[in-house]
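The values are calculated or read from the model by the stated rules, or taken from the named source; none is laboratory data. Everything numeric in this text was worked out from a predicted model, so none of it was measured. For neighbour counting, all protein chains shown are included, and Cβ atoms are generated from backbone atoms with ideal geometry for every residue, glycine included. With ligands, DNA and RNA removed, areas are computed over all heavy atoms of the protein, side chains included. Shrake-Rupley method; radii C 1.70, N 1.55, O 1.52, S 1.80 Å.
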Amino acid sequence: MVEKLMGLPRSRTVVHPGPFRPVRIDRMRDEKGRHFRLSLPGGRTLHESFVQALADEGVASASMTLLGGELAELGFCLALPDPTGRVLATYGAPHTVHGACFIFGNATLGSSASGTPVVHCHGAFRTADGAVRGGHILTERTVVGRRSVTAVVTALDSFDLRVVYDDETRMPLMRPQARRIHG
Amino acid sequence: MAEMRMIESGRMGRVAYARIAPNEDLVSSIEKLCLAEGFGNAFVRGALGSLVDACLERADGSCQVIRGPAAEIVSLAGEVRSQPDGSLRAALTGVVADTQGHLYGGPFVAGANAVCVTFEVTLEEWLPSPGNN
């Protein structure tokens, strides 16, 4: 069979500042995901609502799909090349938008090395002037508005998602780890 | 006009989470994750991260390239399906933001979407019921 070549672009390789880590896919498996549907109320931050609602169910690690809602205040930032060259890409200064429509997004709940809950969230939104934008959502600075945000959650119970310092990228990154025994 | 019909019934099985490292291809990494976990078919539950440059397929088969580095994936949906020869094939569509926050959407071209810093994905195994056509 002759395959038609479409002239696809050749993907670029980037060089991170740290040593190449031989493991390229860190993975863990759960025999069954628990599922939840959350309604995140107005007046509270996305971070506070996620963490509280899931902690009440004993969930410390989860993947979430966020569905539309209204944001009274939205904090976000964009990934930019690092002018100092210390890392390949870094987050720019935080932007704040008042009164945005959240379109959709994805988020991961995990924890820091010291056990504090961490939410990593990317999403798309429409600002009051009608512009549609997206990027890294700062969930601690994002407050839900009158129309609640819905989150569909898959809880990961048999392992932890933990933010660890990654030597290759020099960034703290979420990685699956064997479950820490509490107590 | 063709009638709408249900093509498959089944249930969700195991769940896998992975962190994919820089320069690995988005589409083939998700296929490799399924191979490693023994998932024949899977559905993407949640995914976020960044790409060196994003490459989305246009209707005419050409590509739209969104330059990074660090084009951010703001949403992704898709599935992995077993092929008749036993190989796996992922079909992924999504929305990416460029370094100004402008959005672009479409199918991710296999082999042309290298991870920039990190990519996080949760896959749920799809188990078709016996007797599906």
- Task: Compute the Kirkwood hydrodynamic radius of the protein assembly as shown, taking the inverse of the mean of 1/r over all pairs of distinct Cα atoms, and give it in Å to one decimal.
- Result: 20.1 Å
- Gyration tensor (Cα only) of chain B to equivalent ellipsoid, semi-axes in Å sorted down, yields 27, 18, 12
- Query: Toward the positive end of the charge dipole of region B:1-103, about the Cα centre and with charges on Cβ (Lys, Arg +1; Asp, Glu -1), which of B:22, B:48, B:59 goes farthest?
  - Reply: B:48
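What is the ratio of the Cα radius of gyration of region B:69-109 to 2.2 N^0.38 Å, where N is its residue count, to two decimals?
Dividing the Cα radius of gyration by 2.2 N^0.38 Å gives 1.47.
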- Query: In region A:120-159, if every C-alpha pair distance is counted and binned at 5 Å from zero, what percent goes to each bin?
  - Reply: 6, 14, 22, 29, 15, 8, 4, 3, 1
- Item | For region A:90-173, projected area of the alpha-carbon convex hull averaged over all directions, nm² | 7.1 nm²
- Task: Using the heavy atoms of the protein chains and a 1.4 angstrom probe, tell me the accessible area per residue for chain B in square angstrom.
- Result: 41 Å²
- List, in order, the whole-Hz ³J(HN,Hα) value for each residue of region B:10-20 obtained from phi through the Karplus relation with A = 6.51, B = -1.76, C = 1.60 and θ = phi - 60°; use x for Gly and Pro. x, 8, 7, x, 6, 10, 10, 10, 9, 10, 9
- Task: Give me the Debye-computed log₁₀ of I(q)/I(0) at q = 0.21 Å⁻¹ for region A:24-68, equal point scatterers on Cα only, no solvent, two decimals.
- Result: -0.82
- Taking the Cα atoms of chain A alone, what are Rg (to one decimal) and Dmax (as a whole number) in Å? 18.6, 62
- Note on the structure: The long-range amide H neighbours of residue B:106, using H built 1.01 Å from N in the peptide plane and a cut-off of under 5 Å, are B:94
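Assign unit charges at the C-beta atoms only (+1 for Lys and Arg, -1 for Asp and Glu), then state the dipole size of region B:13-133 relative to its Cα centre in Debye, rounded to the nearest 20.
Dipole magnitude for region B:13-133 comes out near 100 debye.
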- Query: For region A:115-130, what does the Karplus curve 6.51 cos²θ - 1.76 cosθ + 1.60, with θ = phi - 60°, yield as ³J(HN,Hα) per residue in whole Hz, taken in order and with x for Gly and Pro?
  - Reply: x, 6, x, 10, 10, 9, 9, 10, x, 10, 8, 10, 7, 4, 7, x
- Query: What is the interface area between chains B and A, defined as buried accessible area summed over both chains with a 1.4 Å probe, reported in Å² to the nearest 100?
  - Reply: 4500 Å²
